[in-house]
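The values are calculated or read from the model by the stated rules, or taken from the named source; none is laboratory data. These figures come from a predicted structure and were not determined experimentally. Cβ: placed from backbone, ideal geometry, glycine included. Neighbour counts: every protein chain shown.
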Protein chains: 2
Amino acid sequence: MGQPKIRNMEEFAAVSGISRPTVSKYFNDPDSVRRSTRAKIEAALEKHDYQPNVFAMNQNRRTTKNIGVVVPNLADPFFSEIGRRVELACIDAGYSPIILSSHGSAEMERDNLNSLRSLKPTGVLLAPFGRMSDKDFVRDFDDDFPLVLFDANINDVGQAFVGTDNFQSVDLMVEYLCRSGEPPCFFEMKSPTNPNANKRRQAYIESMERHGHTPRIFQAEGDGWDFEEIGSVQGGRLLSEQAFGTNTVLCSNDRLAIGMLSAAYGLGLRVGHGAGCDMRIAGHDDHPFSRYTCPPLTTIAQDYEAIANRAVSDLFGMLNDETWPESRPETLFEGRLIMRDSA
Amino acid sequence: MGQPKIRNMEEFAAVSGISRPTVSKYFNDPDSVRRSTRAKIEAALEKHDYQPNVFAMNQNRRTTKNIGVVVPNLADPFFSEIGRRVELACIDAGYSPIILSSHGSAEMERDNLNSLRSLKPTGVLLAPFGRMSDKDFVRDFDDDFPLVLFDANINDVGQAFVGTDNFQSVDLMVEYLCRSGEPPCFFEMKSPTNPNANKRRQAYIESMERHGHTPRIFQAEGDGWDFEEIGSVQGGRLLSEQAFGTNTVLCSNDRLAIGMLSAAYGLGLRVGHGAGCDMRIAGHDDHPFSRYTCPPLTTIAQDYEAIANRAVSDLFGMLNDETWPESRPETLFEGRLIMRDSA
DNA sequence: ATTAAAATTTTGCGCGCGTAAATTAAGGCA
DNA sequence: TGCCTTAATTTACGCGCGCAAAATTTTAAT
């Protein structure tokens, strides 16, 4: 690297023998300058490691290269996983993702969107709280920035939605459970913080009726995000009271199921579909740890990769078209049944 | 809100009847202006929702309000938990934390530090890979920015370190295990990506010798971050071969232990310290899910909260003192023994 | 009331870069 | 070769704000 430290684009332009604005063009899009000047610039970059001042760059730009990514709770492995993939997809596309977790609070979801506002993002990918979100606030936000929702939908908010087809996925599970044993009851939280909970309950009811069975739903008290705790304590109480009236429990998500498995173990109940088992427990989401529960959890795998990639490509598609589509496409990926030992 | 949208600080200063630079001072520190002018500004803020342009602000500032936070892998609940607490502590102190995950790659750790460089952070909190980190690179980085390491130490890098005293915590566990049953062997990865692995092995060896036992170490092949998989597959193989030569296994971290518990379950081994149990398994870290394993995992709890708070306060202390301490304080918090059923 | 000292506000300037308009160079065709 | 079109480059200006120094006000002390 050259000794005389380059302090700004002016100086860098000087050493590369090009005018500053042309250098500016280069940094915005290396292909927008003549091949020969590009070579000169890149030669200079070799010896003089310079990089433009981010703040000065973004100050006057019509459009930054920032992409906001907001998820409800990074501490939940589901969101940390999908957030990671979204992040990498943005980087690959040459953008700077800014990941924000709302830490389980709808209020912080607002704060996060407000913070993003001042970063003038080119677009925003939001996994909202769903019912808990401040819908009007998010709606206002999407007037100002291209917005793609993922994981949880809010009607008519954002220019696109990408997620899992809960009706398909829950039906898949219900069908499997009915075919292979007693019809399942459904275990969930009474006031779920979880965005897709309502859809899954509805899907369970419809699916059970379609299969000619009576849906039975058990709702745990409690709020917050400590699903395993709720599944363990309240699910455990229901188990010990033998309240379910069936030997098969479908949990609204894996984290509840993980808690319930732990309670079942504590009660000495043998969970599984093999001979000599007392009951079956199934989940939904294919949580990273559900492979390692005892027994391993039968569940539905959401297609993280596909959801993340589609959300990103929907957004970038919009950005390139300039015009926001009137259609508001909703893409639903199918869940896959992951058969393990618990059900 | 007033109809005529405020476009910049100039206009906002006009409607509030104060000069622009004074308004600027207010936004940098509301207490630095006279009480009466502060009232005027805040009155104007009520009606004219304005907020300064972040990019213009940071462009000329000697020191931004940005704090970089870099962790090895946000998908690991340990780091997502400690990252969350660091983030909140920074916000409370009036700073803007920027959390970056290196996604398990030392190369991306470099990229992340480079990205931070251009954001001119006031300070950086780094949980490095440890042995895997590009030490020279990090060392260079700490010439330019106040840097506090946490979780994993690198000698003489950064101005302070905060973490857990692995020698104390492992000794605590070894002492407990020896007192209550057979002395433990130690299960870890051969080439651990995990930063504290080497310290823990060393601590195990010393502690066993101090207690008059022969240390026995078993190392699993494989790299990457899929610890549960490695614990399950390789730990399971060792279990089925009865290779350990003791009924008690201390795992280098909870995620390995979770995998091994899963394998033990699959093999029909009863894990626990009660009558009729075949073996004991213990971990380290009090991973969020270790309460819900079967049986619940006996482990060492690191004091997340204390580590996060101390790392942040060390950094802010440095920032206020202006002068970086020559001492490079290293703070080690004690681990707590969490006794559950697995050992 | 007078004045010095301290606190606060204002004046004036420049940061590093984006971008529209003006200029120049490159490429195509007869 | 000359002319024209188009692409590339340069000129000229301004963005929104931080900050040092100057001007002013307030406070404290006599």
### Message
Tell me whether region A:109-127 contains one or more residues that are under 17 Å from A:Thr193 (Cα atoms), hydrophobic (A, V, I, L, M, F, W, C) and modelled with pLDDT under 90.
### Response
no
### Query
Taking region A:60-71 as the region of interest, how many residues are within 16 Å of DNA strand C (Cβ to nearest atom) and in contact (Cβ under 8 Å) with a residue 24 or more places away in the chain?
5
### Query
Across region B:291-343, what is the total count of residues that are on the phi > 0 side of the Ramachandran plot and basic (Lys, Arg)?
1
### Query
If you go through region A:20-56 one residue at a time, how many are away from chain B (no Cβ under 14 Å), within 9 Å of DNA strand C (Cβ to nearest atom) and of a type in the set (S, T, N, Q)?
4
### Summary
Of A:Thr64, A:Thr122, the only residue that is of a type in the set (Val, Ile, Thr) and within 16 Å of DNA strand D (Cβ to nearest atom) is A:Thr64
### Message
Just to be sure I understand the filter: pairs with C-beta atoms under 6 Å, separated by 6 or more residues or on different chains, first member in region B:36-59 and in contact (Cβ under 8 Å) with a residue 40 or more places away in the chain and under 21 Å from A:Asn114 (Cα atoms), second member assigned to a helix (DSSP H, G or I) and within 10 Å of DNA strand C (Cβ to nearest atom). Which pairs pass?
### Response
B:Asn58/A:Phe55
### Query
Taking into account only those residues within region A:259-316 that are touching a strand residue (DSSP E or B) at 6+ places or on another chain (Cβ under 6 Å) and hydroxyl-bearing (Ser, Thr, Tyr), which is nearest to the other protein chains (Cβ to nearest Cβ)?
A:Ser290
### Summary
Within region B:72-101, the residues that are more than 11 Å from chain A (Cβ to nearest Cβ) and touching a residue at least 12 places away in the same chain (Cβ under 8 Å) are B:Pro72, B:Val86, B:Ala89, B:Cys90, B:Ala93, B:Gly94, B:Tyr95
### Message
Can you tell me how many residues within region A:114-128 are crowded, with 21+ Cβ neighbours inside 10 Å and within 13 Å of another protein chain (Cβ to nearest Cβ)?
### Response
2
### Message
For region B:214-229, check the following and say yes or no: at least one residue is of a type in the set (Lys, Arg) and surrounded by fewer than 16 Cβ atoms within 10 Å (Cβ to Cβ).
### Response
no
### Query
Do we find a residue being assigned to a helix (DSSP H, G or I) and farther than 11 Å from A:Glu228 by Cα anywhere in region A:250-260?
no
### Query
Filtering region B:245-299 down to residues that are closer than 19 Å to A:Gly259 by Cβ and charged (D, E, K, R), which residue is surrounded by the fewest Cβ atoms within 10 Å (Cβ to Cβ)?
B:Arg291
### Message
Cβ contacts < 6 Å: first residue among the aromatic types (Phe, Trp, Tyr), restricted to region A:232-248; second residue modelled with pLDDT of 95 or more, any location; separation 6+ or different chain. Result?
### Response
A:Phe244/A:Cys185
